[in-house]
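Okay, structure first, notes after.
The values are calculated or read from the model by the stated rules, or taken from the named source; none is laboratory data. Because the structure is a prediction, the values reported are computed rather than measured. Using ideal geometry, Cβ is built from the backbone for each residue, glycine included, and neighbour counts are taken over all protein chains shown.
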Amino acid sequence: MARIGIPRALLYHRYHLLWETFFRGLEEEVMVSPPTNKGILELGVQHSLTDICLPVKLACGHVAAIASKVDYLFLPRVLSVEKDAYTCPKIVAFPDMVRLNIPGIPKILDPVIDLRKKVVSHERQLREVAETLGKSHLLKKASREALRAQSNWFEAEPEAKKEASFLFKEVGSASWRGLRIALLGHPYNLFDSFINFNLREKLASMGIEILTLKHLEPSSIEEEAACLDYPPYWTAAKELLAGARLFFRSDLVDGIVYLIAFECGPDALLKVLIDSESKKSPHVAYMSLVLDEHTGEAGVETRVEAFLDAIARRKRTSRVTVAGVR
Amino acid sequence: MDVFLGIDVGSVSTNLAVLNDNLEVIYDKYLRTSGRPIDAVQRAISPLAGVLPQGSGVVAAGATGSARRLAGELVGADIVKNEITAHSVAAIHLAPDVHTVIEIGGQDSKIIIIRNQVAVDFAMNTICAAGTGSFLDQQANRLTVPIEEFGELALASESPVRIAGRCTVFAESDMIHKQQMGHRVEDIVAGLCQALVRNYLGNVAKGKEILPPVVFQGGVAANAGIRKALAEELRTDIIVPDKFGVMGAVGAALLAHEWRSETGARSRFRGFAIGDVAYRTTSLQCNECPNLCEVIEVLMNGSKIAGWGDRCGRYQTEKKEVPACEECVTTPSSS
């Protein structure tokens with residue numbers, strides 16, 4: 001039995017169910033790197049290009065953290081997950097970045113996943129991986145189980161498990177309780193509590209209800225994406241834009257916070273598109289937050305606090321006005 | 001007499017405002033933080049006993065600014081709020097019909113959009129502090145012009161030069177280049193004011209609907225050159241409140257008043273004598289887990305009154321259960 005290492009980074013946050021279930025189905029042991037911590041960030045900064053985005057730096061750190069503990073690293077080269085759309089180029093090139101920048105790495109399993117032109121079954125995508133591991137006889141079953149597990153991704157929200165308080169804990173105004181906030185962003189920005197300074201945990205501990213794309217019907221996101229005049233080139237950006245439009249038009253949330261990784265190319269374009277969507281729905285408060293390795297927790301909190309205060313004060317005033325009219 | 005105290009400890013200045021129960025500013029003070037926030041808070045608070053009317057009692061205190069947590073612990077603030085909320089509350093109080101608040105401070109700049117006396121939108125400079133007060137300070141220093149005279153000097157310019165305002169590093173080399181070419185200092189200074197305003201409007205205020213009345217506050221509002229450049233660029237009159245430099249503190253005092261009327265609780269305010277107390281902070285790097293948090297502890301006369309900076313809560317004053325460090329997750333195969 002071999003030990004397969006998977007970095008807890010990038011698309012792991014989107015496909016963890018698929019990947020982990022698959023390798024367990026092949027009767028291999030799976031080792032996932034620990035949740036991001038400062039040590040991993042430092043490893044990542046040390047082992048990556050200087051001008052790369054923070055999520056990729058962190059991914060390099062996650063690889064370096066487990067490289068010596070595993071027999072294989074699973075770093076799929078995901079080009080495209082659907083017809084006529086791509087993932088981010090840095091994700092495509094990630095296995096190469098690892099080979100070139102990180103010393104002492106074990107053998108890399110980097111199957112090419114490319115559904116841009118035609119649908120390729122999951123089984124076929126991973127046939128070579130199963131062959132390399134000498135587990136071809138288990139491929140069919142493992143693949144089936146993996147796909148079944150992944151179909152639950154939209155329901156399985158990673159729990160905001162740790163308690164986390166704001167730096168300024170007295171600040172949490174009671175008026176925030178019950179607000180509904182949508183968090184938008186790539187899964188690796190949303191579900192990595194290190195990169196976003198425990199934002200989900202902090203909001204949850206203040207009694208704020210958090211919604212993400214997972215709270216929207218996957219089919220409604222697809223329908224909305226099909227309505228876009230200029231659908232973005234990247235699958236993740238397309239989903240985020242469609243999701244943002246649905247949130248802006250609905251009564252589901254009081255506000256939307258969009259988490260952006262500094263130096264992320266797709267986010268730079270997407271920000272402009274989401275900004276302009278926000279103009280059409282002034283009743284939904286909107287803010288973007290830029291995250292990078294130099295971002296201070298205090299700066300993020302200042303903006304989040306002000307955002308929540310503004311929503312809460314606006315709600316209070318509108319209640320007063322309504323009561324006054326009666 | 002019941003009074004409400006607000007303190008705003010920013011990167012460059014520490015401001016204090018005291019309001020009476022008619023919410024009028026009866027005392028205010030603008031001090032330089034000079035890199036020593038604890039000292040600045042003590043210098044701001046200790047003379048209060050002598051300057052406030054006899055029988056004044058602080059019934060609520062609020063803190064804001066980037067050192068709000070530290071300041072809040074030192075003075076015993078009842079409410080600790082972010083600068084954006086504090087500034088918008090103060091602007092609405094002093095100019096009830098305000099629609100746009102422009103605030104340029106030491107290290108950040110913000111725009112707050114207000115409609116019907118409620119902040120509906122805001123933006124703050126992102127990770128770069130280009131075009132804020134610190135940069136003006138630095139350049140004033142380099143040109144050996146006192147910062148107080150910087151704005152007046154800009155007004156004397158007849159033909160401002162064009163300076164790149166995107167990035168302070170480029171702006172500085174641009175200014176040096178222009179100076180070596182022989183341009184007059186006042187033209188360079190006026191050019192800098194225009195560059196700062198262009199940068200602000202193009203970055204921080206980008207895409208925001210700037211409707212008059214526009215209130216300009218924060219330390220940089222003292223600068224006549226910036227005021228002029230802003231009015232020209234926006235083609236509207238700019239209102240600079242009397243208390244433009246201490247609006248954050250006024251806002252903190254107003255929020256303290258709000259806290260008091262909502263809760264009716266007793267204030268935690270430590271009194272004016274905090275100037276005589278020995279406050280000290282210690283910082284340490286925690287090595288309990290790979291996060292290596294940089295922790296600050298505040299000591300009052302040698303005993304710890306607060307701690308922060310840790311992700312797990314270990315150093316917070318109240319005892320918290322410390323979560324176990326997270327390790328790699330290894331799952332064996334299914335069979």
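For the condition part of a helix (DSSP H, G or I), under 19 Å from residue A:188 (Cβ atoms) and β-branched (Val, Ile, Thr), what is the one hit in A:274, A:210, A:260?
Working: A:210 fails: part of a helix (DSSP H, G or I); A:260 fails: part of a helix (DSSP H, G or I).
Going through A:274, A:210, A:260 in turn, just one is part of a helix (DSSP H, G or I), under 19 Å from residue A:188 (Cβ atoms) and β-branched (Val, Ile, Thr): A:274.
Among the strands (runs of 3 or more DSSP E) confined wholly to segment B:55-168, which include 3 or more residues that are within 11 Å of chain A (Cβ to nearest Cβ), surrounded by fewer than 24 Cβ atoms within 10 Å (Cβ to Cβ) and basic (Lys, Arg)? Break it down stepwise before answering.
Working: elements: B:57-64, B:100-104, B:109-115, B:118-124.
Output list is empty.
Exactly one condition in (1) in contact with a helix residue (DSSP H, G or I) (Cβ under 6 Å, 6 or more places away or on another chain); (2) among the hydrophobic types (A, V, I, L, M, F, W, C); (3) surrounded by fewer than 21 Cβ atoms within 10 Å (Cβ to Cβ) is false for residue A:88; which is it?
Of (1) in contact with a helix residue (DSSP H, G or I) (Cβ under 6 Å, 6 or more places away or on another chain); (2) among the hydrophobic types (A, V, I, L, M, F, W, C); (3) surrounded by fewer than 21 Cβ atoms within 10 Å (Cβ to Cβ), only one is false for residue A:88: (3).
Only one of B:175, B:181 is surrounded by fewer than 18 Cβ atoms within 10 Å (Cβ to Cβ) and either under 25 Å from residue B:14 (Cβ atoms) or over 22 Å from the mean Cα position of the chain (by Cα) (or both). Can you tell me which?
B:181
Can you pull out the residues in segment A:42-69 that are closer than 21 Å to residue A:14 by Cβ and either among the hydrophobic types (A, V, I, L, M, F, W, C) or assigned by TED's automatic domain parsing to the domain that holds residue A:240 (or both)?
A:52, A:53, A:54, A:56, A:58, A:59, A:60, A:63, A:65, A:66
Looking only at segment A:256-305, how many residues end up being closer than 24 Å to residue A:89 by Cβ, within 10 Å of chain B (Cβ to nearest Cβ), in contact with a Phe, Trp or Tyr (Cβ under 6 Å, 6 or more places away or on another chain) and crowded, with 18+ Cβ neighbours inside 10 Å?
Count: 2.
Is it fair to say residue A:51 is without any contact (Cβ under 8 Å) to a residue 12 or more places away in the chain, of a type in the set (D, E, K, R) and on the phi < 0 side of the Ramachandran plot?
no
Suppose we filter segment B:276-294 for residues that are part of a strand (DSSP E or B) and more than 12 Å from chain A (Cβ to nearest Cβ); how many remain?
Residues flagged as part of a strand (DSSP E or B) and more than 12 Å from chain A (Cβ to nearest Cβ) within segment B:276-294 amount to 6.
Do you know which of the residues in segment B:49-70 that are of a type in the set (Ser, Thr, Tyr) and free of Cβ contacts under 8 Å to residues at least 60 places away in the same chain is farthest from residue B:25 (Cα to Cα)?
Initial filter on segment B:49-70 (of a type in the set (Ser, Thr, Tyr)): B:56, B:64, B:66.
Remaining after also requiring free of Cβ contacts under 8 Å to residues at least 60 places away in the same chain: B:56, B:66.
Numbers: B:56: 14, B:66: 23 Å.
Result: B:66.
Among the residues of segment A:19-54, how many are more than 10 Å from chain B (Cβ to nearest Cβ), under 19 Å from the mean Cα position of the chain (by Cα) and at pLDDT below 95?
Residues meeting the conditions: 4.
Do any residues in segment B:201-216 that are within 14 Å of chain A (Cβ to nearest Cβ) and free of Cβ contacts under 8 Å to residues at least 12 places away in the same chain have Cβ atoms under 6 Å from those of residues that are surrounded by fewer than 20 Cβ atoms within 10 Å (Cβ to Cβ) and assigned to a loop (DSSP other than H, G, I, E, B), where the two are at least six apart or on different chains, and which pairs are they?
Once the first residue is within 14 Å of chain A (Cβ to nearest Cβ) and free of Cβ contacts under 8 Å to residues at least 12 places away in the same chain and sits in segment B:201-216, no partner that is surrounded by fewer than 20 Cβ atoms within 10 Å (Cβ to Cβ) and assigned to a loop (DSSP other than H, G, I, E, B) comes close enough.
Under the condition of being within 18 Å of residue B:67 (Cα to Cα) and either within 23 Å of the chain's Cα centre (by Cα) or not in a strand (DSSP E or B) (or both), which residue from segment B:295-306 is modelled with the lowest pLDDT?
B:306
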